1. Inspect the stretch B:209-222 for any residue being within 14 Å of another protein chain (Cβ to nearest Cβ) and either over 19 Å from the mean Cα position of the chain (by Cα) or open to solvent by less than 10 Å² (accessible area, probe 1.4 Å) (or both) and give the result as yes or no.
2. Keeping to the stretch A:283-312, report how many residues are out of contact with any Gly (no Cβ under 9 Å at 6 or more places or on another chain), aliphatic (A, V, I, L, M) and surrounded by fewer than 20 Cβ atoms within 10 Å (Cβ to Cβ).
3. Taking the stretch A:405-432, which residues are in a loop (DSSP other than H, G, I, E, B), within 29 Å of B:Val115 (Cβ to Cβ) and either open to solvent by less than 30 Å² (accessible area, probe 1.4 Å) or more than 14 Å from chain B (Cβ to nearest Cβ) (or both)?
4. Residue pairs, Cβ under 7 Å, 6 or more apart or interchain, first in the stretch A:533-557 and within 14 Å of another protein chain (Cβ to nearest Cβ), second buried (at least 23 other Cβ atoms within 10 Å of the Cβ) and in a loop (DSSP other than H, G, I, E, B). List them.
5. Any idea which of A:Asp644, A:Asp617 is exposed (fewer than 15 other Cβ atoms within 10 Å of the Cβ) and assigned to a loop (DSSP other than H, G, I, E, B)?
6. Which of the residues spanning the stretch A:562-584 are basic (Lys, Arg) and either in contact with a strand residue (DSSP E or B) (Cβ under 7 Å, 6 or more places away or on another chain) or under 16 Å from A:Thr607 (Cβ atoms) (or both)?
7. Report, ordered by the first and then the second residue, all pairs with beta carbons closer than 7 Å, sequence separation of six or more or different chains, a first member in the stretch A:589-608 that is closer than 12 Å to A:Leu544 by Cβ and within 14 Å of chain B (Cβ to nearest Cβ), and a second member that is in a helix (DSSP H, G or I) and aliphatic (A, V, I, L, M).
8. What are the residues in the stretch B:126-141 that are among the charged types (D, E, K, R) and either modelled with pLDDT of 95 or more or surrounded by fewer than 17 Cβ atoms within 10 Å (Cβ to Cβ) (or both), if any?
Amino acid sequence: MPSSAVVPAAGSTASTRPEDLISRLSAAGGDGLMALKAVRQVKNQIIGNKTKKLCYLNLGAVPKIVSILASAVDAEFSACSEQLVVQAAASVGSFACGLDDGVQAVLDAGAVPLLTRILSSNDEKIVDAGARSLRMIFQSKLAPKYDILQENNIQFILSLLNSDNENVTELAASIITHSCVTISEQKSLADTSVLQRLIYLLDGSLNQRDASLNSISTIIKNNPDAVKKFMNIDGGKAFSVIIELMKDRHPRTKYLASLCLIFIGNASQCYVQELAIKTKLILIVFELLEEAGSIGDDAPFALINLIESKEELQKHALSINAVEKLGNFLMKGSYEVKRIQGILLALAELCSTLEKARCQLLSLEAFNRVVDSLNHGSAIIHIAACTCLRNISRSVKNISAGHFNRESIVLPLIKLLHDPSISVQIAALRVICNIVVCFSTRKSVFIECGGVKELFRLSQSMDSTLREYAIQVLKNLMFNADCHSLKVVLPEILDSSLSVLICDSEAYVQEQAMGLVCNIINGRDEAIDRILSTGISDTIFRQLCRSSSNEVCIQGMFIFCNIACGKPLHKDATLNYILQTRVDGNELIPISVKFLQSKNDLLRLATIWCMLNLVADSTVPEGTARASKLFDAGVAVALGQMVDDPNTDVKYRARSLQNQFKLLGFS
Amino acid sequence: MVFNQKKESWNSCRSRLLQFVSHRKMGVRRSSEVSDSAPSSSVSGKEDNSGCSLLPPECSLLSVGQAFGGTQNVSSMQKEEAWRVNVRIQGVDRDHGYLCGTMEALNVPSADTPVVTFWEGEIIDTKNYTFYTGKWEASHEDDTRHWSKFASFSEFSTQVESSDGGRSLDMSSCPYIFMRWKEQYFVNVGKDCGLTIAGFYYVCFSCQDGSINGYYFDPNSSPFQMLELKPTHEGRSGVGFSSYQLQ
């Protein structure tokens, strides 16, 4: 039997227990005063109190309050409708403030249309309450995207921006920041007077300024056309305003102004030419890294945006000790995951091309912290640390010096190959790609630690990117490899999946697999024997004949070039392959002649090198016999057109081959 | 590398044994993030008004994975001597005019084992590097004096002096590649091995046959010690290729 709620009479001392307040919200009916008191009490309890918010959420307060708001908006209450609207709207906003569950409940209850409706009220307090609440909602990622592409909606945003009410203009800015994502959305806003209005609001209160800066940065981000429009407004007046705001004492203003400048500079170098501004930007980012909260967390990403793919700016950053400063931040330790990720990625960017940056980081204690990050508990940090290590190790000099051939680096990387996330596995593989390249006689720690079997496992993955990188690691491992490394890799790769990988569904996997074969057999007669006897050479040749990928054909021809460096038997086998004819248009021509006529420089080059190796030894009769077969197959005719090849490398090799033919009596 | 004259009295003597393994990328990058140590088939960067590259040509004989062998003349007033040298190319980055490798000196009198150094090279591409060194204690006069030792330099000599080391030179049709090689560290011995790597080499590479000529420069050593290298096949009966890709 349902029990009826005990509802204290209006005006009496009422209970403020959540359960009681919920009952009163339900029982208010048309009693505006009762509803007002209950809503106000709920609002007062939840403001700034997450626990209370969750408690009321669980008790279903939000739909009840939104229902009261709807009734109040329709003036269904007998009294105090206006106050009730204000209090209910404020309550809704409070539930949405800083709590995703609260935002979701508010959205589910259908509050947004109601709140939007009250923005057109004549009562300033109601408008204010509605705008504040909507702003809370639009600050959340859960809020629905406002369709900026609709003309009416843009007019609505403009009307909000033109309001004298500070909260309303901030709401408009929040809507823009939240909803403007695509280039067409940026364009639709930049084509109107939105940017002008936002620039005007930069003269407003601190909140208005920050909200406007945020919206401006959203509209101009990675959009040169929008930047151009922005820079042309009032003869570029806004640019100098933003330069000044970059030096503001408020960290958030500073950050947002810096972000705008970075986007302006990224659009065209002509806008931000002065080195002093760039220096200031870099220094501000380092200053902001000291800030607690989201500003400090976002700061390294601003730096990344500033220096990404800009070698000159990276050099400049290096000259003002950027690596050392970022390293120091990393050493300070206990930051949020996002900030650590940002610092690692910023270091990665600095080390992407500059050898000096790599050497600097390697010499710092912070390098060990980068390595330690491989053992962090977060996949995001794993990927960032791998990216950083990958860029540091993108250096023949450092690999050659053996800086990465250490268990402390290799073991956690091998462990990451077992991570449930494919992205983490790929990130780890890409670092391993670099550090396994063998430039010295040092033992490979990667092989010693059992990494090769993980590569074989991943080379059979369902994910083609994993397969590609796993094979690329093996290829790099086999570059210049010593006998020990070869003994570990060769039997397993030949006996397992190599033929399958050469015929992989993806051309880039085929290319890597062929590159692996090329490295394995280079200068190793025993390996060539295995390739020929196991039928792998047949598989390679079939791919050569049917592949439409130049890269695959180039790799294939370099394999035959390397086979042709072997014993006479190997040369003969090569000759048999490359003289096999294939239909080309209406003609039946040897594959080698077809490749000599290719438009691809490298394919012509690989083919000529292969032939040069076949006829290199003019002192033995076999050399002459092979030259004779090539000559008869029409190679000389094709060669005649190549002695003046536009590619100088091809031209010199063609001339060498022609000279060799002449030496052997063919001309 | 040469004998460290602070430790050794035999100051005119120097040895070089270079061993290069060169390596060439034989494919095309799939990802823009991939950095390959070997030259790609097309050269980006410096172009003339017609869009043609002015950079020196690429050469498969100067690619990662190739090896060279020969001698460095270390003759002094006291005696005639030439040391055996092997060179191996380990990395090439055409866009940055960079290459690197190892150099192995086989019969260094003061060393029990062959001495290996890691060197880095600057390709005179007139984009990243000109004929003027501008460092390592080499004056313009030193540069001109050394480059002029190569007959193939003669066609550029006038322009080099008139255009700040050859900044505007068209190197695209030149069958030679000029470089500077500077040793950076000892790979298999300590710094106290009695040798010094203070100087650097002026190098001229022939794209046609892969031969290399060089002159060592160190203000504190005897001038014009000559390096002569030719491609070696390391037991192969032809020219082999291998590759790696850095990410």
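1. yes
2. Number of matching residues: 3.
3. Matches in the stretch A:405-432: A:Arg406 only.
4. Final answer for the pair search is A:Glu551/B:Gly27; A:Ile554/B:Met26; A:Ile554/B:Gly27; A:Gln555/B:Met26; A:Gln555/B:Gly27.
5. Being exposed (fewer than 15 other Cβ atoms within 10 Å of the Cβ) and assigned to a loop (DSSP other than H, G, I, E, B) holds for just one of A:Asp644, A:Asp617, which is A:Asp644.
6. A:Lys571, A:Arg582
7. A:Phe595/A:Met557; A:Phe595/A:Leu603; A:Leu603/A:Ile554; A:Leu603/A:Met557; A:Ala606/A:Ile554; A:Ala606/A:Met557; A:Thr607/A:Met557; A:Thr607/A:Leu596
8. B:Lys135, B:Glu137, B:Glu141
The values are calculated or read from the model by the stated rules, or taken from the named source; none is laboratory data. All values reported here derive from a predicted model rather than from experimental measurement. Cβ sites come from the backbone with ideal geometry, for glycine too, and all protein chains shown count toward neighbours. All accessible areas refer to the heavy atoms of the entire protein, side chains included, with ligands and DNA or RNA removed. Shrake-Rupley method; radii C 1.70, N 1.55, O 1.52, S 1.80 Å.
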